[in-house]
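Structure first, then comments.
Readers should treat all values here as calculations from the given coordinates under stated rules, not as data from a laboratory. These figures come from a predicted structure and were not determined experimentally. Note that we place each Cβ from the backbone using ideal geometry, even for glycine, and neighbour counts take in every protein chain shown.
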Amino acid sequence: MEPKLVYIIDDDMSVRDALDDLLASVDIETRSFDSIESFLQSEKNPILSCLILDVRMPGQSGMDFQHKMQKNGLDIPVIFISGHGDIPMSVTAIKRGAIDFLSKPFREQDILEAIYRGFEVSREKIKQHEERNHVEKIYNSLNAGEKAVVSFLIKGHLNKQIAAELNVSEITVKVRRANIMQKMQVKSFADLIRMGIEIEKMLLEGSLQI
Amino acid sequence: MEIAAAVFYIAVILVGARFISAKGVIVLCSICTLLTVVSFFLTTKGLFETGLINCIIALSALYLTTYIILRTQVAENNAINATYQMTRIARIQSLGELTASIAHEINQPLAATTASADACRNWLMRDKPDINRAIQALERIRRETRRASEVVERIRRLSKNEITQKEICDLNDIVSDTLALSNALIEHHDIELTWNRYDAPLIVHVDKVQMMQVIGNLFLNAIEALQPRLVTERFITVKTFTMNAQACFRMTDTGVGLSEEDIKHIFDAFWTKRDGGTGLGLTLCRAIVEAHKGIISARQNSHGGAIFEIILPCKINKESNNSGA
């Protein structure tokens with residue numbers, strides 16, 4: 001079984017302990033924190049995980065933290081728990097991508113379902129992250145000339161057009177294309193285009209530099 | 001001649017201001033100005049200069065009076081709004097906040113209790129039951145239920161502390177004082193109030209401030225019941241009397257009235273028909289009345305509207321208190 005982890009942040013010790021124990025009783029590993037600060041200082045493993053977050057806490061509130069998480073490079077699915085059944089707040093939280101908003105006391109089934117949904121989202125995010133890392137590594141292995149050819153290939157240009165645009169011979173373009181196919185470890189031109197589209201997306205987002 | 005006429009105009013404005021709005025006062029003032037000026041030109045006898053000075057003095061007096069009346073009206077309106085807002089805010093806000101914080105205080109241990117109960121069952125249902133972990137969970141449940149009951153105890157102590165300042169007083173005075181506080185509201189909403197005061201003292205042993213809160217609350221409810229447009233008759237009748245040697249208070253309104261469902265639940269906590277209502281006003285009223293060994297009841301008036309009644313034990317049964325309503 002792949003390793004899974006649930007982070008719990010709640011300032012109330014008994015709620016924290018009870019949740020810890022409940023998840024332990026169904027063999028889910030947990031790590032709990034009494035504040036957002038102590039959570040931030042802890043080391044995080046890049047494994048399947050989600051975060052159970054109390055809405056109102058002294059210091060930084062859970063709502064604010066969710067808002068800032070992605071900026072801090074923390075992309076963990078969030079499940080909110082709250083002692084106040086606050087509807088407008090739950091709407092905001094869900095809009096910002098929370099998995100669920102449960103009011104205390106919550107039902108076991110509800111929290112477990114939310115956790116498993118959180119793990120699914122986490123798996124997707126990890127997969128996406130790995131794919132992007134792979135693409136980034138390959139792209140960076142290309143030399144400047146090859147990168148230029150890739151950018152035209154994505155746009156659907158023919159070898160002859162690319163040769164004219166880059167002011168090189170058609171043979172050179174063909175050689176570079178073969179090198180690209182080899183470096184990118186793709187078997188068909190369709191695969192190359194699929195990866196090329198991913199590269200273009202990352203270039204637009206700025207997570208990849210030309 | 002002009003001075004005499006001007007004094008008369010001031011009297012007109014002073015009397016008129018009691019019945020008409022600010023705009024009306026300004027119109028009235030303009031008419032008086034016109035009449036004063038016309039009478040100045042029509043007067044042929046006497047010195048012209050004396051006449052002119054008299055006319056100017058008259059107009060100045062007129063404008064000053066009008067200005068003061070307008071200022072007074074604005075101030076009165078502000079006072080009415082302020083009273084109304086304050087009572088409502090105090091009633092709704094504090095109760096709202098109170099319930100929210102009580103809910104949070106109770107939900108916290110409840111969450112820990114239910115999660116621990118689920119955990120306990122899971123430990124016992126395993127292929128190899130983990131008795132130790134189950135017992136730990138049970139211990140936590142015991143601890144958390146005690147915590148919840150401590151919260152409840154704290155709330156109870158809070159409300160107990162309030163019922164302390166009991167004194168011997170006349171129910172008639174309590175009602176009078178409360179009505180006096182709400183006078184501005186009654187007039188503002190164009191409601192006709194009849195106050196049938198029992199002609200002998202109704203001596204009760206109560207917390208005066210709390211009783212005023214109860215009666216004031218009933219009063220605000222009655223005023224709200226008279227708000228809807230379709231209510232054409234706006235009467236509130238307040239009466240004090242004795243019955244079986246007990247002090248009684250009755251308030252009748254001609255408002256929207258109560259359905260059978262209303263009467264069944266009207267004193268229940270959090271039961272409300274008003275948007276943004278806490279559903280605690282009448283619950284608190286009943287708690288206070290019952291803490292004074294009294295009875296509060298609500299029923300529908302056969303002529304429409306609602307009747308609220310409070311019966312309190314009389315402290316001293318003087319001979320002057322003739323029995324019967």
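Percent relative contact order of chain B, based on C-alpha pairs within less than 8 angstrom and at least six residues apart?
The normalised contact order for chain B reaches 13 percent.
Where a Cα-Cα gap under 25 Å defines reach, which lysines qualify for residue A:125, not counting those fewer than 8 residues away within the same chain?
Cα-Cα hits under 25 Å: A:4, A:44, A:68, A:71, A:95, A:137, A:201.
When Cβ neighbours within 10 Å are restricted to other protein chains, what is their mean count per residue of peptide A:102-109?
The mean count of partner-chain Cβ atoms within 10 Å per residue comes to 5.
Once you list every other residue whose beta carbon is under 10 Å from the beta carbon of residue B:172, what net charge do they have if Lys and Arg are +1 and Asp and Glu are -1?
Charge balance near residue B:172 sits at -3.
Counting pairs of alpha carbon atoms under 8 Å apart in space and at least six apart in sequence, what relative contact order in percent does chain A give?
Computed over chain A, the figure is 14 percent.
For every other residue with a beta carbon closer than 15 angstrom to the beta carbon of residue B:236, add +1 if it is Lys or Arg and -1 if Asp or Glu, then tell me the sum.
Charge balance near residue B:236 sits at -3.
Largest first and in whole Å, what are the equivalent-ellipsoid semi-axes of the protein assembly as shown based on the Cα gyration tensor, each being the root of 5 times an eigenvalue?
Each semi-axis is √(5λ); the values are 74, 45, 17 Å.
Which value at 222 nm does chain A reach when only helices count, each DSSP H run of 4 or more adding -39,500 (n - 2.57), with the total divided by all residues and rounded to the nearest 500 deg cm²/dmol?
For chain A, the value works out to -18000 deg cm²/dmol.
Taking chain B as a Gaussian network, Cα atoms linked when under 10 Å apart, which of B:236, B:31, B:266 shows the biggest mean-square fluctuation?
Looking only at B:236, B:31, B:266, the biggest GNM fluctuation is shown by B:31.
From the helices alone, meaning DSSP H stretches of at least four residues, give me the mean residue ellipticity at 222 nm for chain B, per-run term -39500 (n - 2.57), in deg cm²/dmol to the nearest 500.
-22000 deg cm²/dmol
For chain B, modelled as a Gaussian network with Cα springs under 10 Å, which listed residue fluctuates most, B:234, B:286, B:121?
B:121
Output the peptides B:100-109, B:246-255 sorted from most to least packed, where packing is the average of other Cβ atoms within 10 Å over each peptide's residues.
Result, highest mean first: B:246-255, B:100-109.
May I ask for the angle, rounded to the nearest 10°, between helix B:2-17 and the longest principal axis of chain B, with both axes built from Cα atoms and the value confined to 0 to 90°?
Around 20 degrees separate the two axes.
Using DSSP, restrict attention to beta bridges with both residues in the protein assembly as shown and report what percent are antiparallel, rounded to the nearest 5.
In the protein assembly as shown, DSSP labels about 55 percent of beta bridges as antiparallel.
Through the Karplus equation 6.51 cos²θ - 1.76 cosθ + 1.60, θ set to phi - 60°, convert the phi angles of region A:151-159 into ³J(HN,Hα) values in whole Hz; use x for Gly and Pro.
My calculation for region A:151-159 gives 4, 7, 4, 4, 6, x, 6, 7, 3 Hz in order.
Using alpha carbons only, how many degrees (0 to 90, rounded to 10) separate the axis of helix A:170-183 from the longest principal axis of chain A?
Relative to chain A, helix A:170-183 is tipped by roughly 30 degrees.
Compute the angle between helix B:208-225 and the longest alpha-carbon principal axis of chain B, please, reported from 0 to 90 degrees and rounded to the nearest 10.
70 degrees
If I build a Gaussian network model for chain B, linking alpha-carbon pairs within less than 10 angstrom, which residue out of B:221, B:77, B:132 has the largest mean-square fluctuation?
Its mean-square fluctuation being the largest, the pick is B:132.
Quick one: what are the phi-derived ³J(HN,Hα) couplings along region B:106-114, Karplus 6.51/-1.76/1.60 with θ = phi - 60°, whole Hz, x for glycine and proline?
So the Karplus estimates, Gly and Pro as x, are 7, 5, 4, x, 5, 4, 5, 5, 5 Hz.
What ratio of Cα Rg to 2.2 N^0.38 Å holds for region B:98-161?
Its radius of gyration relative to the 2.2 N^0.38 Å reference: 1.41.
Straight-line reach from residue B:315: which lysines fall under 25 Å, measuring Cα to Cα and dropping same-chain residues less than 8 apart?
Output for residue B:315: B:160, B:166, B:208, B:239, B:293.
Per residue of B:116-127, how many C-beta atoms from partner chains lie within 10 Å of its own C-beta, taken as a mean?
5
Normalized C-alpha radius of gyration of chain B, against 2.2 N^0.38 Å?
The value comes to 1.56.
What does the highest-first list of A:124-137, A:53-66, B:49-62, B:204-217 look like by mean Cβ count within 10 Å?
Going by the mean number of other Cβ atoms within 10 Å, highest first, we get B:204-217, A:53-66, B:49-62, A:124-137.
When the distances between all Cα atoms of region A:142-205 are binned every 10 Å from zero, what whole-number percent does each bin get?
The percentages, shortest bin first, are 22, 59, 19, 0.
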